[in-house]
Each structure stands twice: as structure tokens, then as C-alpha cells.
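This report refers to the structure that appears directly beneath it.
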Amino acid sequence: QVQLVESGGGLVQPGGSLRLSCAASEFTFDYNTRGWFRQAPGKEREGVSCISSHGTTYYADSVKGRFTISRDDAKNTVYLQMNSLKPEDTAVYYCAVKLGPSCSWDLFGSWGQGTQVTVSS
């Protein structure tokens, strides 16, 4: 029942950068894990990055070294800085949240509506 709103998506050329934001409402940020997922046409939703309540981060191999996740607890907001974007990064990106301290891909129960990221020249 947590409300999540993504922003920051758009069209960018290969090699460019975008920063996605996800604000949570009616939510206490303590002891929660925030995550970013994406879904390309014809593909299953996949985990992109995750940050635990303690700040531990995880990244999918496909984005490691290019994407950075961070959080601002005072704003109940999580960010995804995306650099060196590739066409294969094109997808709808979703933020998600779950209770607990551990950063794992399972048990995310609340999702945003998604924001489109298109990487194309």
C-alpha cells in the first residue's frame, strides 16, 4: 500500500546519462529496502539495483560500473544514476520497496507505475 512515484526517464543517446528518482509517500523509510527493476518489451521484469536499509548495494551484472543507486531518507527518495547508457538499457524502469534490512530481489510488494527510458541515436 506504499505509494511510489518514479521520475526522470526520457530519451537519451548512447553514452549519455539519466538520473531516476522515486519518491515514497505514506511510508516510513526505516528498515526498508529500495530497488530498481526494468522491463523491456517481450522480456520479464528484471532486477537492476538494490539498496538495503543499511546502505548495502547490489547491481545486476549488466549495469555494474555504470549505474549507482543511492537514497535520501529525509525525502523518502531513492535515486538511480545511470551513466554510459546503452541501447539495451531501454526499458520501463520501476522502483519498489520492501520491509527489512536485506537487499535481495524477492519480496518486493509495492511498485511504482514505471518511467520509460529510451536509449537511441
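Data for the structure
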| item | result |
| --- | --- |
| Cleavage-rule hits (GluC sites (Glu not before Pro)) in segment 21-121: DSSP loop, at most 11 neighbouring Cβ within 10 angstrom | Glu26, Glu44 |
| Computed FRET value (nearest 0.05) for Ser121 with Ser25, which takes r as the C-beta separation and R₀ as 41 Å | 0.65 |
| Pairwise FRET efficiency - Asp106 versus Lys86, Cβ, R0 = 30 Å, nearest 0.05 | 0.65 |
| Segment 1-101: chymotrypsin sites (Phe, Trp or Tyr not before Pro) falling in loop per DSSP and having at most 12 other Cβ within 10 Å | Tyr31 |
| Rg and Dmax of the chain, Cα atoms only, in Å | 13.3, 41 |
| Exposed-site-free run, longest, the chain (rule: trypsin sites (Lys or Arg not before Pro); DSSP loop; at most 14 other C-beta within 10 Å) | 65-121 |
| Surface share of carbon and sulfur [accessible, 1.4 angstrom probe, percent] for the chain | 48 percent |
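The values are calculated or read from the model by the stated rules, or taken from the named source; none is laboratory data. Here the structure is a predicted model, which means the values were calculated and not measured. Quick reminder, even Gly has a Cβ in these numbers, built from the backbone with ideal geometry, and neighbours come from all protein chains shown. For accessibility, only protein heavy atoms count, side chains too; no ligands or nucleic acids. Shrake-Rupley method; radii C 1.70, N 1.55, O 1.52, S 1.80 Å.
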